[in-house]
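Comments concern the structure below.
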Amino acid sequence: MATVAFDAFVTAGTDATPVVNTGKARKLHRIQEVRRREGMSLRSAARHLGYDMRRVREQEQETTDLRLSDLHRWQEALGVPIAELLVESDQSLSGPVLERARMVRLMKTAAAIRERAGSHPVSRLAQMLVEQLLELMPELRDVGPWHSVGQRRSLDEYGRAAELGLALVRVGEGSCDHED
């Protein structure tokens, strides 16, 4: 009798992350590698994806078999071509992909300098650098600056958080039975 190796998927429901359940794990994607290279933290990835930290850690393990919708969410969160996340062979990332990653990092740095420039001449130089990068790669237009550690929330963000908190309290009040 011959035996055949196969991949079985373990899911606990429609929202569960499928996980490869094989004797020999194989690398399926490069999400963790790309996330680190793009300078995105796990917490930031979780926020962009709308997932909790546990799920983000599970999904970025290179042996996790992701649904296409999850892979697409990662692609949008990281702002990279979806092909960059996939593993086609054991070779390192291709030259054009590495060049694009360098350009994205350079654009993030230029945008951060422009955003934080204290003097007009530095601000003007940073703006010129951003414009020159956009001439080389117009698709960098939507790339924002690096996130600063311990970044303070704006007043608008506090207002939105307060509105959300009040909305949650109202929902909770409607479900409670109080006898006065």
- All conditions in (1) at pLDDT below 90; (2) loosely packed, with under 13 Cβ neighbours inside 10 Å; (3) not small (G, A, S) are true of V143 except (2)
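Return yes or no: is A112 modelled with pLDDT of 60 or more, among the hydrophobic types (A, V, I, L, M, F, W, C) and outside the structural domain of E62 (by TED's automatic domain parsing)?
Against the criterion (modelled with pLDDT of 60 or more, among the hydrophobic types (A, V, I, L, M, F, W, C) and outside the structural domain of E62 (by TED's automatic domain parsing)), A112 qualifies.
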- Inside the range 40-54, the number of residues satisfying the requirement of being exposed (fewer than 14 other Cβ atoms within 10 Å of the Cβ) and either within 15 Å of W146 (Cβ to Cβ) or touching a strand residue (DSSP E or B) at 6+ places or on another chain (Cβ under 6 Å) (or both) is 2
- Query: Considering V104, V80, V56, which residue is β-branched (V, I, T) and not assigned by TED's automatic domain parsing to the domain that holds R30?
  - Reply: V104
- Query: Looking only at residues in the range 24-37 that are at pLDDT below 90 and surrounded by fewer than 17 Cβ atoms within 10 Å (Cβ to Cβ), which one is nearest to the chain's Cα centre (by Cα)?
  - Reply: K27
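Yes/no matrix, rows are residues, columns are (1) modelled with pLDDT under 90; (2) touching a Cys at 6+ places or on another chain (Cβ under 8 Å); (3) hydrophobic (A, V, I, L, M, F, W, C); (4) in a loop (DSSP other than H, G, I, E, B):
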site: L66; (1), (2), (3), (4): no, no, yes, yes
site: V97; (1), (2), (3), (4): yes, no, yes, no
site: R102; (1), (2), (3), (4): yes, no, no, no
site: A126; (1), (2), (3), (4): no, no, yes, no
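The values are calculated or read from the model by the stated rules, or taken from the named source; none is laboratory data. Because the structure is a prediction, the values reported are computed rather than measured. Cβ sites come from the backbone with ideal geometry, for glycine too, and all protein chains shown count toward neighbours.
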